[in-house]
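Take a look at the structure set out below.
What follows is calculated from the coordinates using simple rules that are stated; it is not laboratory data. Computed from a predicted structure; not experimentally measured. Backbone-built Cβ (ideal geometry, glycine too); neighbour counts: all protein chains shown.
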Amino acid sequence: MPDKTLTGDVTYPSEETVQQARVPRWEELAAEAEKDYLGFWAREASELYWSEPWTQVLDDSRKPFYQWFIGGKTNIAYNCLDRHVRTPHRNKLALLWEGEKGEFRSFSYFALRREVCRFANLLRSLGIKKGDRVTLYMGRIPELPIAMLACARIGAIHSVVYGGFTVEALAERIEDSKSKVLITCDGAYQRGKIVPLKQIADEALQRTGTIESVLVVRRTGQEVNMEQGRDLWYHELMNLPIANVDHPIEMLDAETPLFLLYTSGTTGKPKAILHTHGGYMVGTYTTLKYVFDIREEDRYWCAADPGWITGHSYIVYGPLLNGATSFLYEGAPTFPYPNRWWQMIEKYGINILYTAPTAIRGLMRFGEAWPNRHDLSSLRLLGSVGEPINPEAWRWYHTVIGRGRCPIMDTWWQTETGMFMITPMPSVPLKPGSGTRPFPGLHMDILNEEGVPVGANEEGYLVIQNPWPAMMRTLYNDPQRYVDQYWSKFPGMYLTGDSARRDEDGYYWIIGRVDDVIKVSGYRLGTAEIESALVSHPAVAEAAAIGLPHEIKGNAIHAFVILKAGQARHDHLTEELRSHVSHELGPIAKPEKIEIVDSLPKTRSGKIMRRVLKARALGQDPGNLATLEE
Ligand code: WTA
């Protein structure tokens, strides 16, 4: 039994939870990993298939450019599919899918592998080779994971752009990655409406010149423009003999790039986080296995979007590596009614639900009657990710959804970390709002400005002290920025960009970002991206964006703009600017409010002091203004 001496508001696991857990206890794994960290990861890695064994687990001779499983050859797509097709798992459901309109599709491991092989052959026929970049801009349909796995299979690098982004965000990501092929859909269903993905892609393609072919998956069926010689229908190509099921897989060096995922950072353009086949595979496999105690009979649902890291690691790769059954749902949680999710949990007998605090708060708003109408007794474990979960939402999730029986795995991690970093395991005592402790073997600390560890309950910079297999390898095309942004403030340590505190029990509490990243509904956006979308409007000279607390979204974007000289302030201008951001970047980035101002607080070197804007908006003291220009 776990010790019952923890301080504060603690929820201890029930006897039943402890007894039923089929994974070792946190303490046991932590002891193993502490004794021999590399041995621990090597043992995990050896549960997967390698055509050539590694000769070295970790190469830290060129830090911070760490490498893992040197000399090993593998392929993550082989481990996700082929490995299982050779076992009785062949007929097990790999992927269950429900469309917003209620359609259902499912794939056994055998069937999923077949589709992936056919897609891989198709990509080959379009001239895609190992190392080439392919951009995916799709809705939540099975073809998205299929396309990701097809890229992995041939050693191409996928770059998934979230379907909630629009023109400029897509164009920038295509341009930066120099993708040759774009895979998209005619449209995506969202709350009964069609998001015209192909149309948005067409507009984006006018701003970038690297794409040679566009593969279009038909989903919504409306008319779309197909450009001769560039655009191809997926379903037509899949009928051709080139989409053959025979696809000999190539084994790749462990450090072969697997994907790029663009994410917002402190300044300027989004950064392309690079992950590789070997280490990412071992990290996602291991963490999902232990944290969600994935079992043979489970139906597991990660309700994120595959277009973000959570979907990459824990809808697609982690579950398939574990031979699990992963559920994917196309639409919004509250469409057509606020019981949509609960209905599907009942219908499919979901055992594990992993979602974000913003979704919980959004559903909580509709009251208990909606979930109470459904049998949610299949649920065994719950998960949370993306932002700190407020205790009120935690309690609702725990009692109303989990009926007090299901522990909540509050997992802290990032696009950069690839895998869970601070997280409970099923029998760890929980405190609402804390992700508990680092995953076994990981060492983290909380430092003050001078790099000195702070005391219990004091706030500071959250850093990671030792490397881990699923860590990003670099920023694609920008290794210097990788070094500067993550490894320079406190030499030798990985800077997370979050502030946190650690209580007397060693439990971590994430406070929030300390950089210019805003988490809106769990989505990561950069102030720089929003500001640059605003100044791309002809009326705007300068802009500043900040995040302010919001009941459902966690944070909402507020923007301040200075108009160009001579620009008249007509009534609809702020509305027009909000729509402009939505058109350029995406509806998720649409500011809640835009204020037209005459000046912005700046430092003498011309940097906008967002801290001052934020304090003013919240009616707080802006603190030290010594560096303020005026
Ligand atoms: C925040 C998402 C508190 C944090 C997987 C981090 C969290 C950023 C949690 C990464 C959590 C993520 N509790 N905060 N459980 N999980 N965050 O790259 O600020 O989209 O730095 O990855 O989300 O966001 P990203």
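Observations on the structure shown:
- Loop-resident GluC sites (Glu not before Pro) (DSSP state other than H, G, I, E or B) in the stretch 228-273 with no more than 16 further Cβ atoms inside 10 Å of their Cβ: 250.
- Estimated from the Cβ-Cβ distance and a Förster radius of 41 angstrom, the FRET efficiency linking residue 596 and residue 218 is about 0.40.
- The chain, helix-only ellipticity at 222 nm - DSSP H runs n ≥ 4, -39,500 (n - 2.57), divided by all residues, nearest 500: -7500 deg cm²/dmol
- Within the stretch 109-211, percent of DSSP bridges classed antiparallel, to nearest 5: 25 percent
- Model label points for residue 295 and residue 28, set 7 angstrom from Cα along the Cα-to-Cβ axis, are 1.6 nm apart.
- Global form of the chain, assessed from the alpha-carbon gyration tensor, a/c cut-off 1.5: rounded
- Remark: spin-label model distance residue 62-residue 488 equals 2.0 nm, labels positioned 7 Å along the Cα→Cβ axis.
- Cubic angstrom per residue, convex hull over Cα atoms of the stretch 335-419: 97 Å³
- Residues whose amide H lies under 5 Å from that of residue 231, counting only those 5 or more places away or on a different chain, are 214; hydrogens are built 1.01 Å from N in the peptide plane.
- Each peptide in 561-568, 208-215, 484-491 was scored by the mean count of other Cβ atoms within 10 Å over its residues; highest first, the order is 208-215, 484-491, 561-568.
- Counting beta carbons within 10 Å around each of 23, 316 and listing the fewest first gives the order 23, 316.
- Our estimate of slack between residue 35 and residue 511, defined as 0.36 nm per intervening residue step minus the Cα-Cα distance, is 168.3 nm.
- Local electrostatic count, residue 539, Cβ distance below 11 Å [Lys/Arg +1, Asp/Glu -1]: +1
- Span from the the stretch 510-564 Cα centroid across to the the stretch 422-489 one, whole angstrom: 25 Å
- For the stretch 143-265: rounded, prolate or oblate by the Cα gyration tensor [a/c cutoff 1.5]: oblate
- Shape analysis of the stretch 124-194 places it in the oblate category; the axes a ≥ b ≥ c from the Cα gyration tensor give an a/c of at least 1.5, with a/b not above b/c.
- Taking 81, 442, 260 and counting other C-beta atoms within 10 Å, the order from fewest to most: 442, 260, 81
- Å³ per residue enclosed by the Cα convex hull of the stretch 369-413: 74 Å³
- The residues 570, 277, when put in order of fewest to most other Cβ atoms within 10 Å, stand as 570, 277.
- Extension gain for residue 564 to residue 52 (0.36 nm times residue separation, less C-alpha to C-alpha distance): 178.1 nm.
- Neighbourhood charge, 14 Å Cβ-Cβ cut-off, centred on residue 298 and excluding it, Lys, Arg +1 and Asp, Glu -1: +3
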